[in-house]
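For reference, the structure is listed below as structure tokens.
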Amino acid sequence: MVRRLLPTLGRRMVGAWCFVDHYGPDNVAQAPGMQVPPHPHMGLQTVSWLHDGEVVHRDSLGSVQTLRPGQLGLMTSGRAISHSEESPREHAPVLHGAQLWVALPEAHRHTAPAWEHHAALPEVTGGGGLTATVIMGELDGAASPGTAFTPLVGADVALAAGASARLPLRPDFEYAALTMSGEAEVDGVRLAPGSMLYLGCGRTDLPLRADVDSSFLLLGGEPFEERIVMWWNFVARTNDEIAQAREDWMTGDRFGDVHGYDGDRLGAPALPPVPLKPRGRVR
Ligand code: MN
């Protein structure tokens, strides 16, 4: 069960975050679990984050990595990479996580592809029952080891039952909160799991409460002012770049090969009949 929180009709980005999927928690005890065949990426970073279960990542650089809860799987596609993601044959009964993309800015979008796995991430502990794990970027002086190309933050904020806290924010960042578990009250709004609240810019802190153990992803960053074209698994600036990337994937050029995945690679869908247009962060 996958919920797409970004892009939506009204909003395409929060900072450089341009794609947000929340999946599960699903019982996959008697099922294959996640099975995403090899597919390409361009112009973005993928951020993989798990609360339950595990995912095996393979990519065209030769990386093979089992990702577990609390660990950052960060893939910088740069100009071209391909990867597969699958639950291992022997896996935990529950699968729950988020798949996020970060758009690369013009100066870095053609950079060399890279894979990073960070098992240890810094934590911010506020008073009042708050613990935040910094996944990407920086929060309250704690910085993730993951490579970032624009000023941003991604953090998993855990609130203990009865928590009441204020999380320091940067007024030049825009933010959104995506509830992962429990029922966090963010800026006075109670959020059910799988829903995302857009918080905008101009805040110096964020009031938080929780009656039960809860957690949410805080996503934010400097508003991304470049207009982008996003289609299938690609982020570019023009329709022609997208068409070329699709062609290169279908002919086997540029994106390399993923070894070890038991199955065929994904074919690209047909391009839409009208050229794709660059779009800004807000519709
Ligand atoms: Mn992918």
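The values are calculated or read from the model by the stated rules, or taken from the named source; none is laboratory data. Please read all numbers here as calculations on a predicted model, not as lab measurements. Cβ atoms come from the backbone with ideal geometry, glycine included; neighbour counts cover every protein chain shown. In case anyone asks, the SASA skips ligands and DNA or RNA and just uses the protein heavy atoms, side chains included. Shrake-Rupley method; radii C 1.70, N 1.55, O 1.52, S 1.80 Å.
From the set of residues in region 9-39 that are under 23 Å from residue 151 (Cβ atoms) and either without any contact (Cβ under 8 Å) to a residue 24 or more places away in the chain or among the β-branched types (Val, Ile, Thr) (or both), which is surrounded by the most Cβ atoms within 10 Å (Cβ to Cβ)?
Going through region 9-39, the residues under 23 Å from residue 151 (Cβ atoms) turn out to be 11-20.
Narrowing further to those that are either without any contact (Cβ under 8 Å) to a residue 24 or more places away in the chain or among the β-branched types (Val, Ile, Thr) (or both): 14, 20.
Details: 14: 27, 20: 23.
Selected residue: 14.
Residues in region 27-72 that are polar (S, T, N, Q) and either outside the structural domain of residue 92 (by TED's automatic domain parsing) or more than 16 Å from the ligand (Cβ to nearest atom) (or both): how many?
Adding up the residues that qualify gives 4.
So that you can scan it fast, the table gives a plain yes or no per residue for (1) acidic (Asp, Glu); (2) touching a helix residue (DSSP H, G or I) at 6+ places or on another chain (Cβ under 6 Å); (3) touching a residue at least 60 places away in the same chain (Cβ under 8 Å):
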position: 85; (1), (2), (3): yes, no, no
position: 88; (1), (2), (3): no, no, no
position: 93; (1), (2), (3): no, no, yes
position: 99; (1), (2), (3): no, no, yes
position: 110; (1), (2), (3): no, no, no
position: 120; (1), (2), (3): no, no, no
position: 124; (1), (2), (3): no, no, no
position: 133; (1), (2), (3): no, no, yes
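Going by what's in this entry, would residue 251 be described as within 30 Å of residue 129 (Cβ to Cβ) and loosely packed, with under 14 Cβ neighbours inside 10 Å?
When the stated conditions are applied, residue 251 does not pass them.
Take the residues of region 209-235 that are within 16 Å of the ligand (Cβ to nearest atom) and not in a loop (DSSP other than H, G, I, E, B): which is surrounded by the fewest Cβ atoms within 10 Å (Cβ to Cβ)? Let's see the steps before the verdict.
Taking region 209-235 as the starting set, the residues that turn out to be within 16 Å of the ligand (Cβ to nearest atom) are 230-235.
Subset that is not in a loop (DSSP other than H, G, I, E, B): 230-231, 234-235.
Numbers: 230: 21, 231: 18, 234: 24, 235: 25.
So, considering only residues that are within 16 Å of the ligand (Cβ to nearest atom) and not in a loop (DSSP other than H, G, I, E, B), the one surrounded by the fewest Cβ atoms within 10 Å (Cβ to Cβ) is 231.
As an exercise: evaluate residue 243 against (1) aliphatic (A, V, I, L, M); (2) open to solvent by 20 Å² or more (accessible area, probe 1.4 Å); (3) touching a Ser or Thr at 6+ places or on another chain (Cβ under 8 Å); (4) modelled with pLDDT of 95 or more and give the number of the one condition it does not meet.
Tallying (1) aliphatic (A, V, I, L, M); (2) open to solvent by 20 Å² or more (accessible area, probe 1.4 Å); (3) touching a Ser or Thr at 6+ places or on another chain (Cβ under 8 Å); (4) modelled with pLDDT of 95 or more, residue 243 fails exactly one: (3).
Hey, which of the strands (runs of 3 or more DSSP E) in region 136-187, taking only ones fully inside, have at least 2 residues that are under 14 Å from the mean Cα position of the chain (by Cα)?
152-159, 174-181
Give me a count of the residues in region 254-270 that are surrounded by fewer than 16 Cβ atoms within 10 Å (Cβ to Cβ) and touching a residue at least 24 places away in the same chain (Cβ under 8 Å).
So the answer is 6.
If we scan region 87-98, do we find a residue that is within 11 Å of the ligand (Cβ to nearest atom) and not assigned by TED's automatic domain parsing to the domain that holds residue 182? Outline the logic, then answer.
Step one: list which residues in region 87-98 are within 11 Å of the ligand (Cβ to nearest atom), which gives none.
Looking through region 87-98, none of the residues is within 11 Å of the ligand (Cβ to nearest atom) and not assigned by TED's automatic domain parsing to the domain that holds residue 182.
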